[in-house]
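Here is the structure we will look at, set down as structure tokens.
The values are calculated or read from the model by the stated rules, or taken from the named source; none is laboratory data. Predicted model, so just to flag it, every value in this text is computed and none were measured. Note that we place each Cβ from the backbone using ideal geometry, even for glycine, and neighbour counts take in every protein chain shown. All accessible areas refer to the heavy atoms of the entire protein, side chains included, with ligands and DNA or RNA removed. Shrake-Rupley method; radii C 1.70, N 1.55, O 1.52, S 1.80 Å.
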Amino acid sequence: MTKIHLENKRIVKKFHDKINGSTPDTIVTIVNEHCHEDICWNGSQPFNELNGNDKLIETFWKPFLKSFPDAKKDVYLHYAGNDPLHDGQDWVVSSGNYIATFTNDWLDIPATGGVVWIRFAEFNQVVNGKIQQTYTLLDILDLMRQAGFKFIKSLAPEVNIPGPATLDGVIMGESDPVESKKSYQTMYDMIFGGLLTFDEQKGIADMGMGRYFSQDFNWYGPCGIGSTKGIKGFEKYHQIPFLNALPDRDLQHGLADSIYIGESKYAALVEWSGFTATHTGNDWLGLPATGKHLVMRNFDFYRREGDYLVENWVFLDMIDILGQLGVDIFDRLRTCLLYT
């Protein structure tokens, strides 16, 4: 852990804290204070890439704060590290929930007038004291579910996802570099020595995921997939349906678009445009095989105990994936609203 990581974590946390209690008027000053004017902000569908503070403020922040005026950014994962895949770039990662009263419609989702939890994941790159680049996903599909609109039958139960069981996911101080390296390496080995070794002829058991995950680990997934417990639950409700539908998933050629970091007993990754697969199997998300080639936006956060990963927070841009498969969720929402 270097001084730059300590400072970067402080800078991003200060930005998070100032968002709490902000308004469509005050957010202008807050964003300009903490972000470079030419920030590259990469977000969930339908926002995608927003370049520059003005575009970010007008397209995302002002409408968001109008709809959720008392939004509080409740962060339960916050740590930093450098990415050896990209010449040691420094990143701060964060995850948690925006907890807010849904006061005004947002993205055509009708306001409920009640409290909602909007799950988020972020990777922020700080350069010269300000945020230069952001990758972020919001579970907008889950917000629709909370508002009473459910378009996909979830594979596993959809729950209000907790923070780490050890309550130590916000790391503001220094960390043991040996522990940080071990967390990073465990995550890396699990992906390239386990997840990406699937062979249809050998089957799922040959992947040997028990080498990396504890037998009773918790897997917290996005709306449409749900959350599971233990390796058996993970295989039944996520891994087997996913592999059956997308057996040729690949990441190797996309490492240039992936970011991996580790700090203390935590690790995290984002794969923004390099995680690909062909949709050749039936029934995943209730859809028949389309034969379409998918590019999937994915975040993973991990907590390690000893030699094993024990908690895994997972984000997929489900609305973007469904759109690539020919299902326009926002169009379905608007059509549904015409008949209610």
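Cut-off 10 angstrom, C-alpha nodes, Gaussian network model of the chain. Which of Lys181, Lys153, Lys73 fluctuates the most?
Of Lys181, Lys153, Lys73, the most mobile in the Gaussian network model is Lys153.
Most fluctuating residue of Asp300, Asp206, Asp54 in a GNM of the chain with Cα springs under 10 Å: which is it?
Checking each option, the largest mean-square fluctuation is seen for Asp206.
Only residues of the stretch 261-275 count here: report those whose backbone N is under 11 Å from the spot 7 Å along Cα→Cβ of Asp176, or say none.
Hits in the stretch 261-275 for Asp176 at 11 Å: 264-265.
Near Thr335, within a Cβ-to-Cβ distance under 14 Å, what is the net charge of the other residues, with Lys and Arg +1 and Asp and Glu -1?
With Lys, Arg at +1 and Asp, Glu at -1, the net is -1.
In Å², what does the accessible area per residue of the stretch 265-305 work out to with a 1.4 Å probe?
Normalised by residue count, the accessible surface of the stretch 265-305 is 33 Å².
Taking the stretch 271-340, how much of its Cα-Cα pair set, in percent, is spaced more than 18 angstrom apart?
When all Cα pairs of the stretch 271-340 are counted, 55 percent exceed 18 Å.
May I ask you to give the percent of accessible area on the stretch 160-318 that is carbon plus sulfur, with a probe radius of 1.4 Å?
The value for the stretch 160-318 is 50 percent carbon and sulfur by accessible area.
Assign unit charges at the C-beta atoms only (+1 for Lys and Arg, -1 for Asp and Glu), then state the dipole size of the stretch 1-96 relative to its Cα centre in Debye, rounded to the nearest 20.
Computed about the Cα centre, the dipole is about 400 debye.
Which value, in debye to the nearest 20, gives the size of the charge dipole of the chain about its Cα centre, when Lys and Arg are +1 and Asp and Glu are -1 at the Cβ?
660
Over its Cα atoms, what ratio of radius of gyration to 2.2 N^0.38 Å does the stretch 92-177 give?
In units of the 2.2 N^0.38 Å rule of thumb, it is 1.36.
GNM on the chain, C-alpha springs below 10 Å: top fluctuator among Arg211, Arg304, Arg249?
Top of the fluctuation ranking is Arg211.
Under Stokes-Einstein, with the Kirkwood radius over Cα pairs standing in for Rh, what whole-number D in µm²/s applies to the stretch 225-302 at 4 °C and 1.567 mPa s?
This corresponds to a translational diffusion coefficient of 94 µm²/s.
Diagonalise the Cα gyration tensor of the stretch 30-117 and give the resulting equivalent ellipsoid semi-axes, square root of 5 times each eigenvalue, largest first, whole Å.
Output for the stretch 30-117: semi-axes of 27, 17, 12 Å.
Please report the equivalent ellipsoid semi-axes of the stretch 164-264, computed as sqrt(5 x eigenvalue) of the Cα gyration tensor, largest first, in whole Å.
Gyration-tensor ellipsoid for the stretch 164-264: 26, 18, 13 Å.
Give me the Kirkwood hydrodynamic radius of the stretch 82-228, using the inverse of the mean 1/r over all pairs of distinct Cα atoms, in Å to one decimal.
So the Kirkwood estimate lands at 18.5 Å.
Along the stretch 3-9, what does the Karplus equation 6.51 cos²θ - 1.76 cosθ + 1.60 (θ = phi - 60°) give for ³J(HN,Hα), rounded to whole Hz, x for Gly and Pro?
Calculated HN-Hα couplings, in order: 4, 5, 5, 4, 5, 5, 4 Hz.
What number do you get for the stretch 263-302 when its Cα radius of gyration is normalised by 2.2 N^0.38 Å, N = residues? All intermediate terms of the calculation are to be shown ahead of the outcome.
Details: Rg = 14.0 Å, N = 40, 2.2 N^0.38 = 8.9 Å.
Computed over Cα atoms of the stretch 263-302, the ratio equals 1.57.
If you take the beta carbon distance between Asp17 and Leu337 as r and set R0 to 35 Å, what does 1/(1 + (r/R0)^6) give as a FRET efficiency, to the nearest 0.05?
It comes out at approximately 0.45.
Taking only the alpha-carbon atoms of the chain, what semi-axes of the equivalent ellipsoid follow from 5 times the gyration tensor eigenvalues under a square root, in whole Å, largest first?
29, 27, 18
Could you give the alpha-carbon Rg of the stretch 200-340 over 2.2 N^0.38 Å, rounded to two decimals?
1.13
How large a share of the accessible area of the stretch 1-136, in percent, is made up of carbon and sulfur atoms when the probe is 1.4 Å and the other protein chains stay in place? Intermediate values should be presented prior to the final figure.
Details: 2620 of 5420 Å².
Roughly 48 percent, rounded to a whole number.
Using helices alone, what [θ] at 222 nm do you get for the chain, with -39,500 (n - 2.57) per DSSP H run of 4 or more residues, divided over all residues and rounded to the nearest 500?
-7000 deg cm²/dmol
So what's the projected area for the stretch 138-209, the Cα convex hull averaged over all directions, in nm²?
Approximately 8.2 nm², given one-decimal rounding.
Calculate the FRET efficiency for Glu305 and Tyr188 from the Cβ-Cβ distance with a Förster distance of 22 Å, rounded to the nearest 0.05.
0.80
Give me D for the stretch 30-76 in µm² s⁻¹, whole number, from Stokes-Einstein with Rh from the Kirkwood sum over alpha-carbon pairs, 20 °C and 1.002 mPa s.
Answer from the Stokes-Einstein relation: 186 µm²/s.
Taking only protein heavy atoms into account and a 1.4 Å probe, give the accessible area per residue of the stretch 1-142 in Å².
Per-residue accessible area for the stretch 1-142 comes out at 39 Å².
Pop a pseudo-label 7 angstrom from the Cα along the beta-carbon direction at both Gln89 and Lys3 and give the gap in nm to one decimal.
Output for this residue pair reads 2.5 nm.
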